[in-house]
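One structure below.
The values are calculated or read from the model by the stated rules, or taken from the named source; none is laboratory data. Source: prediction; values computed, not measured. Because the Cβ atoms are built from the backbone with ideal geometry, glycine has one as well, and the counts that use them run over all protein chains shown.
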Amino acid sequence: MIESGKLAESDPQINSSMHTLSQVAFCLGEKFEPYLERLMPQLLKDAAANVDLKIVDASDAAVEEAEDGRTAMQIKVKGFENAKQISMNTNALEAKLSAVQIIRSICKNMNKAFFKHVEAVVNLIVSELLDYKYSSSVRKESAKLLCHLLGSCSDSEQMKALWAHFSPVYLKEINARLESLDFISVRW
């Protein structure tokens, strides 16, 4: 059903099917590995989806809510002459978050049997998801997923290589978050 192309990308049946398959992966554990080959491309595609955020003059923009999955809102900002229209594909954002959660669930339940998919997932996390500016939930779920990806390594050498791959971006994001906090108001 997912691969048939008969369903629109925003069809809720796709998301429900993916969640159901993650529960099947929970039950089967490492025996779910043969089915991952068909599931992971769609999950990676959803996790890499573009939310297409746009900010344009409201007078220049046609109302884009009619487009599949787009939500638009007009705002008047002090100091700007005209109202602005902000729009984004909220279906794509929901699919992105859901895909990361499903990948995390499957990785957690499959342990070492998930390892052959680690490279594709960690490359996506490092390149896009760990510092994703439109959703803190996507960033948090991606960070949680990194722990489970480490758990899918079969030896310490694989763990070291994986850590070396994502730690610079991970530590940079942690430092950026720490720098934005106000520690003066914290009482010890």
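Summary of values
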{"read-out": "Close pairs from the stretch 28-41: first under 12 Å from Phe114 (Cβ atoms), partner modelled with pLDDT of 85 or more and of a type outside the set (A, V, I, L, M, F, W, C), Cβ under 7 Å, at least 6 apart", "value": "Gly29/Asn109; Glu30/Asn111; Leu36/His117; Met40/His117"}
{"read-out": "Residue, modelled with the lowest pLDDT, within the stretch 6-25, restricted to residues that are of a type in the set (Gly, Ala, Ser) and exposed (fewer than 15 other Cβ atoms within 10 Å of the Cβ)", "value": "Ala8"}
{"read-out": "Residue under evaluation Val122, criteria (1) out of contact with any helix residue (DSSP H, G or I) (no Cβ under 9 Å at 6 or more places or on another chain); (2) under 18 Å from Leu44 (Cβ atoms), criterion not met", "value": "(1)"}
{"read-out": "Candidates Lys144, Lys96, Lys112, Lys108 - the one that is over 18 Å from Phe26 (Cα atoms) and either of a type in the set (D, E, K, R) or out of contact with any helix residue (DSSP H, G or I) (no Cβ under 9 Å at 6 or more places or on another chain) (or both)", "value": "Lys96"}
{"read-out": "Of the criteria (1) farther than 21 Å from Leu36 by Cβ; (2) touching a residue at least 24 places away in the same chain (Cβ under 8 Å); (3) in contact with a Leu (Cβ under 8 Å, 6 or more places away or on another chain), which one Val122 fails", "value": "(1)"}
{"read-out": "Flag if Leu28 is assigned to a helix (DSSP H, G or I), within 18 Å of the chain's Cα centre (by Cα) and modelled with pLDDT of 80 or more", "value": "no"}
